[in-house]
Amino acid sequence: MHYFVSDIHLGSGDAAEQQRVERRFLDFLSQIEGDAKSLFLLGDIFDFWFEYKRVVPKGFVRVLGRLAELSDKG
């Protein structure tokens with residue numbers, strides 16, 4: 001199965017909302033692990049401005065780690 005994800009906006013909203021969205025996305029990644037042939041991340045996964053040359057998004061290490069884990073599994 002092929003999956004497409006966009007507009008998650010990790011980093012927007014208050015802390016409780018950010019945690020809720022991150023948890024739901026991690027749950028989704030766990031659910032698709034068994035049958036995902038591909039996962040397309042289309043845009044606005046993280047919510048930050050590219051114009052700010054000195055800003056590095058912080059947090060969401062669990063998401064990045066989980067995506068790396070899925071990628072390593074093929």
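Listed values, structure above:
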| quantity | calculated |
| --- | --- |
| Any hit, the range 40-54, residues being in a helix (DSSP H, G or I), at pLDDT 90 or above and of a type outside the set (Lys, Arg) | no |
| Residue in the range 56-73 that is modelled with the highest pLDDT, counting only those that are open to solvent by 100 Å² or more (accessible area, probe 1.4 Å) and within 12 Å of Glu22 (Cα to Cα) | Arg62 |
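The values are calculated or read from the model by the stated rules, or taken from the named source; none is laboratory data. Every value quoted in this text rests on a predicted model; they were computed, and no experiment measured them. These area figures cover heavy atoms from the full protein model, side chains too; ligands, DNA and RNA do not enter into them. Shrake-Rupley method; radii C 1.70, N 1.55, O 1.52, S 1.80 Å.
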